[in-house]
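Below you'll find the structure, written out as structure tokens, and then a few comments.
The values are calculated or read from the model by the stated rules, or taken from the named source; none is laboratory data. Keep in mind that what you see is a predicted model, and the values were worked out from it rather than measured. Positions of Cβ are generated from backbone atoms using ideal geometry, with glycine treated the same way; all protein chains shown enter the neighbour counts. When the accessible area is computed, the model is the full protein with side chains, heavy atoms only, and any ligands, DNA or RNA have been set aside. Shrake-Rupley method; radii C 1.70, N 1.55, O 1.52, S 1.80 Å.
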Amino acid sequence: MLRRFEALLNPTAGTPAPPPDAGLVGFYWFYIRQVRALTAALFIFGGLIAILDTMIPAFIGRVVGLVSSNTPATLFRDHGAVLLGMAFTMLILRPLVALGHGVLVNQIVNPGFSNMIRWQNHWHVVRQSWTFFQNDFAGRIANRVLQTGPALRESLVMAFDAAWYILVYGSSALVLLGRLDWRLMLPMLLWFACYAGMLRYFVPRLRDRSRRVSEMRSTLTGRVVDSYTNILTVKLFARSRDEDAFVRDAIDEHTGVFRDQTRLTTGYTATLMTMNAWLIVSMAAVALWQWSAGHIAIGAVATAIPLAWQLNNIAGWVARSVTSIFENIGTVQDGMRSIDVPRQLPDPPDAAELVVTGGEIRVENLHFDYGRIREASSGRFPAVLHGIDLTIAPGERVGLIGPSGAGKSTFVNLLLHFFDPASGRILIDGQDIAGVAQESLRRHIAMVTQDTSLLHRSIRENIRYGQPRASDAQIAAAAKQAHAHDFILGLEDWHGRTGYDAHVGERGVKLSGGQRQRVALARVILKNAPILILDEATSALDSEVEAAIQEQLDTLMEGRTVIAIAHRLSTIARMDRLIVLDQGRIAESGSHAELLRRDGTYARLWRRQSGAFGSAGEGAIAV
């Protein structure tokens, strides 16, 4: 039966929309409106439970009144129906309402609503631009994405319950006491006035300090994850003590802001306990005074004192709830700093799918400076790329050459639309890439990077990332072409999984640099995209393996538009054309032989490197 209720909310159903940049209330409403019926049911059941709990002191007072004014013979004869009604309410109605509330919270809200928020947050964040992730700790972003869902859910459920108990119980208690004697209302009215003042003082401070605690918790998580992610660097440089200090500083700062919060919580709790003690004593004093004066019956005393006592308990629970609510609101506000952020570099509303017919790349007057502010009065920051005009024919193989900082990687990142150019445009087969869907653009481009990173999954899953529908035979064929098949068969991870089922560790740390590079090459081979980018694709390979793979790369490049970046000129000298970038401009363009004859920048670079290739000099590579 419970599974039927659980099936009412599928956390990952549909295509999520990014949350609006509309502040805290708008952020909450964005998720609440998706489950309006569930929220309404939660609100109703919370109110019913509060009403039924309010009836308990009234029932106690009524029973005491009936017992004091009746004999055993007349009690059940004259008031049996009333007693049965009370019994039915306590034995049947209240448990059923509590069960309904429990099913809503435990079966639907806790797992479903929390994970719906997590899923939608992740869906939005993972589509942020590359620079978004470069500007923050991955651990902090992950912490915010995962913690915001439970925090939003918990604050919502507890706020509903707390509001109902204060409103329903408070108003019902005042009505019951007023019907008995108006003077019995005075202690409770005074308590409510003090309670409102206490909330007005403490709640804003709790909110601000809770947000600060959550921010520092995310920072601490980010620092810890950063240390673990780069543990090899920590070990190689023997910097464990420095990492201790890096994390210790965050822990100390978190401890400080946490203590600020708990000091406020302690003051809040102590104030409430003092108020509650005064409420019970004053209510008992007024009730006994009115009873001794003959203004109320003993049943009224038996109603008033339990009402005050139960309000004490509820107020204590509400106090703890308010503290927890604002801790969770602080977590939500911290999460919004990574989640409720407009998507950087979004697709245009009318973005079309890229259609590649030949693979021609045309660059027109391209300028780019990473958005840096330039002021003529204080000197201009140099732009990364200046007025690049370039056409790469379909199937042409082009090598990009130049010193570090010349703009080679920036050019590639602009081609992949990781950034928008300051001016100019890039077209593929006549289509401006700024107007096409980014995922469709990148589906048509395969790239092997110098710093190869693999997913912490099996070898098979990593290679299949290039083509999700590939069969095991196709995966093995791609691995063989990348000269990876033999070493893959000899792999075994610490769970005993072998071969293509072996997991590679985070970022592929269980493999050598050359092994990671070959798996990455297999992934690109399997992708079979019409445009191929090689960024130092063989830099991590030894000479023998590089020579073998170079033959496979020659086969892979056939019929494709290729852009290759390499510092070792010997690896790209056989390209159809070489483009030399220098200080963000195209300094030279031509074949290997043509550029050597010009005796310019390329020729100087070639002569500088040729000594490392032996005495072969300019004839080392046939052109």
Helix 36-69 sits at what angle to the longest principal axis of the chain, using alpha carbons and giving 0 to 90 degrees rounded to 10?
20 degrees
Distance histogram for the range 161-319 (every C-alpha pair counted, 5 angstrom bins, percent rounded to whole numbers)
2, 8, 14, 13, 11, 9, 7, 7, 6, 6, 5, 4, 3, 2, 2, 1, 0, 0
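Could you pull out the pairs from LYS235/LYS510; LYS408/LYS527; LYS408/LYS510 whose alpha carbons sit more than 26 Å apart here?
Values: LYS235/LYS510 16 Å; LYS408/LYS527 23 Å; LYS408/LYS510 30 Å.
Correct reply: LYS408/LYS510.
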As a test of reading the structure, rank SER338, SER404, SER172 by solvent-accessible area (1.4 Å probe, protein chains only), most first.
SER404, SER172, SER338
Relative to the longest principal Cα axis of the chain, at what angle does helix 23-32 sit, 0 to 90 degrees, rounded to 10?
80 degrees
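At a temperature of 10 °C and a viscosity of 1.306 mPa s, determine how fast the chain diffuses translationally according to Stokes-Einstein, using the Kirkwood radius over alpha-carbon pairs as Rh; express D in µm²/s, rounded to the nearest whole number.
Details: Rh = 30.5 Å.
Stokes-Einstein gives a translational diffusion coefficient of 52 µm²/s.
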So, with a 1.4 angstrom probe, what is the percent of accessible area on the chain that is carbon and sulfur?
58 percent
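Looking at the range 233-320, which chymotrypsin sites (Phe, Trp or Tyr not before Pro) are DSSP coil and have at most 14 other C-beta atoms within 10 Å of their C-beta?
Values: sites: PHE237, PHE246, PHE258, TYR268, TRP278, TRP289, TRP291, TRP309, TRP317; in loops: PHE237.
Taking the range 233-320 and a limit of 14 other Cβ atoms within 10 Å, the loop chymotrypsin sites (Phe, Trp or Tyr not before Pro) found are PHE237.
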If you line up the long axis of helix 472-481 against the longest principal axis of the chain, both from Cα atoms, how many degrees apart are they, to the nearest 10?
40 degrees
Taking 8 Å as the Cα distance limit and 6 or more residues as the minimum spacing, I'd like the relative contact order of the chain as a percentage.
14 percent
Count the net charge of all other residues whose Cβ sits under 12 Å from the Cβ of ARG343, scoring Lys and Arg as +1 and Asp and Glu as -1.
-2
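Enter the accessible area per residue of the chain (Å², integer; probe 1.4 Å; all protein chains in place).
Working: 30860 Å² over 623 residues.
Per-residue accessible area for the chain comes out at 50 Å².
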Can you say what percent of the DSSP beta bridges in the chain, counting only those with both residues inside, are antiparallel? Round to 5.
55 percent
So, over other residues within a Cβ distance under 14 Å of VAL234, counting Lys, Arg +1 and Asp, Glu -1, the net charge is 0
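Based on DSSP loop calls and a cut-off of at most 10 other Cβ atoms within 10 Å, the longest stretch of the chain free of exposed GluC sites (Glu not before Pro) is what? Don't skip to the end; give the middle numbers.
On the way: sites that count: GLU375, GLU558.
Free of exposed loop sites, the longest segment is 1-374.
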In deg cm²/dmol, rounded to the nearest 500, the helical mean residue ellipticity at 222 nm of the chain, built from -39500 (n - 2.57) for every DSSP H run of length 4 or more, is -19000 deg cm²/dmol
Can you check what the Kirkwood hydrodynamic radius comes to for the range 57-198, Cα pairs only, in Å to one decimal?
20.2 Å
How much length is gained on full extension from ALA196 to ALA73, taking 0.36 nm per residue of separation minus their Cα-Cα distance?
39.5 nm
Amide H partners (placed H, <5 Å) of GLY399, local residues excluded
ALA564, ARG577, LEU578, ILE579
